[in-house]
Amino acid sequence: MIPRYSRPEMVSIWEPQTRFKIWFEIEAHAADALAELGVIPKDAAKTIWAKAKDAVFNVERIDEIERETKHDVIAFLTHLAEIVGPEARFVHQGMTSSDVLDTCLNVQLARAADILIADTDKVLAALKTRAFEHKMTPTIGRSHGIHAEPVTFGLKLAYAYAEFTRAKERLIAARKEIATCAISGAVGTFAQIDPRVEEHVAKAMGLTVEPISTQVIPRDRHAMFFATLGVVASSVERLATEIRHMQRTEVLEAEEFFSEGQKGSSAMPHKRNPVLTENLTGLARIVRSAVTPALENVVLWHERDISHSSVERMIGPDATVTLDFALNRLAGVVEKLLVYPANMQKNLDRLGGLVHSQRLLIALTQKGASREDAYKLVQRNAMPVWRGEGDFQSLLKKDADVKKYLSDKEIEEQFDLAYHFKHVDTIFKRVFGAS
């Protein structure tokens, strides 16, 4: 993660001071539970809280100790003992490092998910506003990049709204799946620590108990979490790519907001480039790059190894910070998107009415022509228009074979643009609800 693509709230989740504070809370809550069970003195548990609750942990000191011990949790516990004093001997009793590390990571991922869910709400709000603004703004629908049939720009945005509604639901599910706690000791048997300690810590940290852990929380949970981030990132890229295509000079149906004083090119002063959406495409690739290593982390040796550890120290911050930035950037792009209905209409008319070819095909079959013959009749009049040789409606009216089935008026009726939008309200109700 680098400052250029980072936002402070998400970054703070992954800062060393935050991590050490979570480690302390896990240890202190465990001490409370141990004290209630009579394993350690109650006064010791109170002292641990009193001495370190508001402490600012010395990151440099912890790093110094780790250089000697080669063990991060031991380094932290040693520093904690320097703060707490003699009662620190009651910290971490019956626990193993993974109890602290895994529970902490899941706290961080759950907090990150909360931010990402809020980010998605911003995207949804922007999409809804612009979708209703352009609910009936005609534009051309494309398949294979080629003009197909008319749609509305509002429908394009409604499609994205539905997609990000699913993204939000997936993030909520991913948060639920990742928010578990394991305080089960070495190899997960609770031999040295009572399961009630785990229950207490889980409740205190806003987590649920991991039903069964080895010495680590099962990594299929994390794989699903990062896979979800990857899917959401792909939704970001899909919409960004749509906007990039719409901003091409020969299309120019919409473009990113271009602020006063902004420069598009160091060489060509006329340029207005889709830099934000291109950036979103790149950021999505970074988020997705976390998915494969997260899947590979599922496979650990026996009750544990630490092959997953270095991976998660990198992909945890990088994927969540990057997706947080991307979602907020996307919301801003949609909010300020410049939309050009006149250019949309110009492009829609560009093929001289060919976008109505399916209506002609259906009309001919309803008047008695076989589908094969109807297709040939429509296509033979469409191809000259495709080459720039005439107007589709005029050619159809001059075609004697077509006129056997359709009158001039019936041909004209097939070119009604509004016909394509008769179910827009139905689609909007499906996406946005009756309101």
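The values are calculated or read from the model by the stated rules, or taken from the named source; none is laboratory data. Keep in mind the model is a prediction, meaning the values are calculated, not measured. Positions of Cβ are backbone-derived with ideal geometry, glycine not excepted, and every protein chain shown enters the neighbour counts. Remember, those area values only see protein heavy atoms, side chains included, never the ligands or the DNA or RNA. Shrake-Rupley method; radii C 1.70, N 1.55, O 1.52, S 1.80 Å.
All alpha carbon pair distances within the stretch 96-345 were sorted into 10 Å bins beginning at 0; the resulting P(r) in whole percents reads 7, 27, 26, 18, 12, 7, 2, 0. Using a 1.4 Å probe on the protein chains only, how many percent of the accessible area of the stretch 96-345 belongs to carbon and sulfur? Carbon-and-sulfur percentage of accessible area, whole number: 58.
What percent does the relative contact order of the chain come to when contacts are Cα pairs within less than 8 Å and at least six residues apart? Intermediate results must be reported in sequence, preceding the final value.
Values: 589 pairs, mean separation 74.1, N = 435.
After rounding, I find 17 percent.
For the stretch 137-285, the alpha carbon positions stretch 70, 39, 25 Å along the principal axes, listed from largest to smallest. For the set LYS403/LYS429; LYS346/LYS398; LYS271/LYS429, the pairs lying more than 30 angstrom apart at their alpha carbons are LYS403/LYS429; LYS271/LYS429. From most to least packed by mean Cβ count within 10 Å, the peptides 350-363, 135-148 give 350-363, 135-148. Partner aspartates and glutamates whose Cα lies under 12 Å from the Cα of LYS42, excluding those fewer than 8 positions away in the same chain, are identified as ASP32, GLU87.
Each peptide in 368-380, 326-338 gets a packing score, the mean of other Cβ atoms within 10 Å over its residues, and the list from highest to lowest is 326-338, 368-380. Highest mean packing comes first when the peptides 419-428, 20-29, 307-316 are listed by Cβ atoms within 10 Å, giving 20-29, 307-316, 419-428. In this structure the stretch 1-136 gives 46 Å² per residue of accessible area when probed at 1.4 Å with all protein chains present. Quantify how much of the Cα-Cα distance distribution of the stretch 7-52 extends past 12 Å, in percent. Beyond 12 Å sits 63 percent of the P(r) for the stretch 7-52. How many percent of Cα pairs in the chain exceed 40 Å? Above the 40 Å cut-off, the chain has 41 percent of its Cα pairs.
According to the calculation over all Cα-Cα pairs in the stretch 16-113, the P(r) per 5 Å bin from zero is 2, 14, 25, 25, 21, 10, 4, 0 %.
Legend: distances between Cα atoms for LYS70/LYS176; LYS51/LYS122; LYS128/LYS203; LYS122/LYS263; LYS51/LYS168; pairs beyond 29 Å are LYS70/LYS176; LYS51/LYS122; LYS128/LYS203; LYS51/LYS168.
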